[in-house]
Structure formats: structure tokens, C-alpha cells
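Notes to accompany the following structure.
The values are calculated or read from the model by the stated rules, or taken from the named source; none is laboratory data. Treat the numbers as computed from the prediction; the structure is a model and nothing was measured. Counting neighbours? That spans all protein chains shown, and the Cβs are built from the backbone with ideal geometry, glycine included.
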Amino acid sequence: MRNGQRRGAVADAGFSVTAVDLSGEAIGRARGRFGSMARFVVADMTERLPFPDGAFDAVMSNVAMHMFPDRVTRAVFAEVGRLVRPGGLFLFHVNALEDRPLRARRLPARELAPDYVVEESGQTMHFFSESYLRELLGEWRDLDLASVPIPDRENGEPHKHVWRGTARR
């Protein structure tokens, strides 16, 4: 959360919150920080998640869908589509194609597939173009995509670039 945001703002607004992460350690930290404000689930988003179809009014992903090759990325987006009820929302941030040269300045990488790289650390990174996002979300309606450059906090220079998106099922 950013400074000034209330801890658990979504839960405080009366929404039921479920947080999912592959890392039990990350879930443990979140549980320690937010306690009973949310339901916490350790799960792999590249697999079918343990929720029924249409279980959620909204799904939010903040730069978590960027590690996968195309085939897995398509499956993850399809899984979100399965989980969001008709009329529900998908809110997300993903790495923009414009982020690739910014990241490469700090972390040299080797291309594995178009717009999909592996960095020296072994971290894989997928960069999204507007057309790719529109293809992935072709069955969603009310798609709104915003290209968002993020400046470095110290010098104001471009540091990161993401797509901020919302789509309705």
C-alpha cells in the first residue's frame, strides 16, 4: 500500500477479500499484517484455482501476470475469466512493452520468445503490448487500458512502464 492509504481499505469498504499467492511466506506476512480482514490462500495461479466458476465480483492483479510465456499467460487470463461472475470486473497492472528497455538498463536479459525474456537472475519477464492485451481480453467488454509511465522517486526519470486495465465480464 502507498502512504496515505488505509490498511485494508477494500475490506473496510465492506467487501469480502481473498488474497492468493504461490508463496506461503508471502501469505504469512500478509496474514500477519491484515489478520482477519481477508481470506488467505496459498495457490498457483498457473493451475486451476480452488474456487467455483463466477466466485468473485472482481479480480485484481498488480504486476503478477508477467512471469509466463504466452501459453501460460493465456491460461491465466482464461482462469480469471472463469472466476469473475458475469458483469464482474478485472482490474490489473501488467508490464508494458515500453518497460522492456527501462528494465534492461538495470537487468540484462536474453529473449526466450517475442516480448518474453529471462534475466541474469533467472527471473522471466513478459512485456505486454496494447494489441496483445486486447487479444487476451477479446471476450471482455468495457475494456479500458491506460499506458502508465512510473518515474523514479528520487530523480523523476522513467523507471517503469505498465498498463493499467479494467475490463467487465
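The table that follows gives values for the structure above.
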read-out: Qualifying residue in the range 102-112 (condition: touching a residue at least 12 places away in the same chain (Cβ under 8 Å), within 28 Å of ASP144 (Cβ to Cβ) and outside any loop (DSSP other than H, G, I, E, B)); value: yes
read-out: Residue within the range 101-114 that is surrounded by fewer than 18 Cβ atoms within 10 Å (Cβ to Cβ) and either closer than 28 Å to ALA58 by Cβ or not assigned by TED's automatic domain parsing to the domain that holds ASP70 (or both) present; value: no
read-out: ASP53 being under 24 Å from TRP163 (Cβ atoms) and among the acidic types (Asp, Glu); value: no
read-out: Residue in the range 85-95 that is closer than 22 Å to PHE51 by Cβ and assigned to a helix (DSSP H, G or I) present; value: no
read-out: Criterion: in contact with a helix residue (DSSP H, G or I) (Cβ under 6 Å, 6 or more places away or on another chain), assigned to a helix (DSSP H, G or I) and either modelled with pLDDT of 95 or more or not assigned by TED's automatic domain parsing to the domain that holds MET125 (or both) - qualifying residue of ALA11, ALA75, ALA30; value: ALA11
read-out: Filter pass, PHE68 being touching a Ser or Thr at 6+ places or on another chain (Cβ under 7 Å) and not charged (D, E, K, R); value: yes
